[in-house]
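Single-structure report; data block below.
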């Protein structure tokens, strides 16, 4: 035997909340912002602050593992807005870093020739900047404490 239920405004609100909750928390609708990146890991040997926009830090690794078994050495760019995880040792030599990056990146540096050419005026030392290419741009990264062993 069927029982007829009278829908009230509270019942409609409850049903709407359940439907919205299912849609928001469904594994099919969840999209991670950093899924496009490639994995990397490496030992920090040197860091250089990028002095012209878009600023950031160029971190040089040796060895640098870019998702395969063959280590190389090279720089990656940590831009403003990239996520940094514990232990928050950005660019500190003797730390190990692990994270995600996208290929391509550039660190813009101050141009001393532009400053010398406009001596006495109000120069823009970043016009034009000196671009230093990097192997990639870091999306997110976690660090070890300085001197930590990978074993």
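The values are calculated or read from the model by the stated rules, or taken from the named source; none is laboratory data. In this text, all values refer to a predicted model and were calculated from it rather than measured experimentally. Cβ sites come from the backbone with ideal geometry, for glycine too, and all protein chains shown count toward neighbours.
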How many residues of region 106-151 are exposed (fewer than 15 other Cβ atoms within 10 Å of the Cβ), within 19 Å of residue 80 (Cα to Cα) and modelled with pLDDT under 95? The answer is 1
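I'd like the residue in region 91-105 that is without any contact (Cβ under 8 Å) to a residue 60 or more places away in the chain and surrounded by fewer than 17 Cβ atoms within 10 Å (Cβ to Cβ) and, out of all such residues, is nearest to residue 36 (Cα to Cα). Let's see the steps before the verdict.
Restricting attention to region 91-105, the residues satisfying the condition of being without any contact (Cβ under 8 Å) to a residue 60 or more places away in the chain are 91-98, 104-105.
When the remaining residues are screened for being surrounded by fewer than 17 Cβ atoms within 10 Å (Cβ to Cβ), the result is 93-94, 98, 104.
Numbers: 93: 28, 94: 28, 98: 16, 104: 13 Å.
So the residue we want is 104.
From the set of residues in region 99-151 that are assigned to a loop (DSSP other than H, G, I, E, B) and in contact with a strand residue (DSSP E or B) (Cβ under 8 Å, 6 or more places away or on another chain), which is nearest to residue 49 (Cα to Cα)?
Within region 99-151, the match that is nearest to residue 49 (Cα to Cα) is 110.
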Regarding residue 80, is this residue assigned to a loop (DSSP other than H, G, I, E, B), out of contact with any strand residue (DSSP E or B) (no Cβ under 9 Å at 6 or more places or on another chain) and either under 30 Å from residue 124 (Cα atoms) or at pLDDT 95 or above (or both)? yes
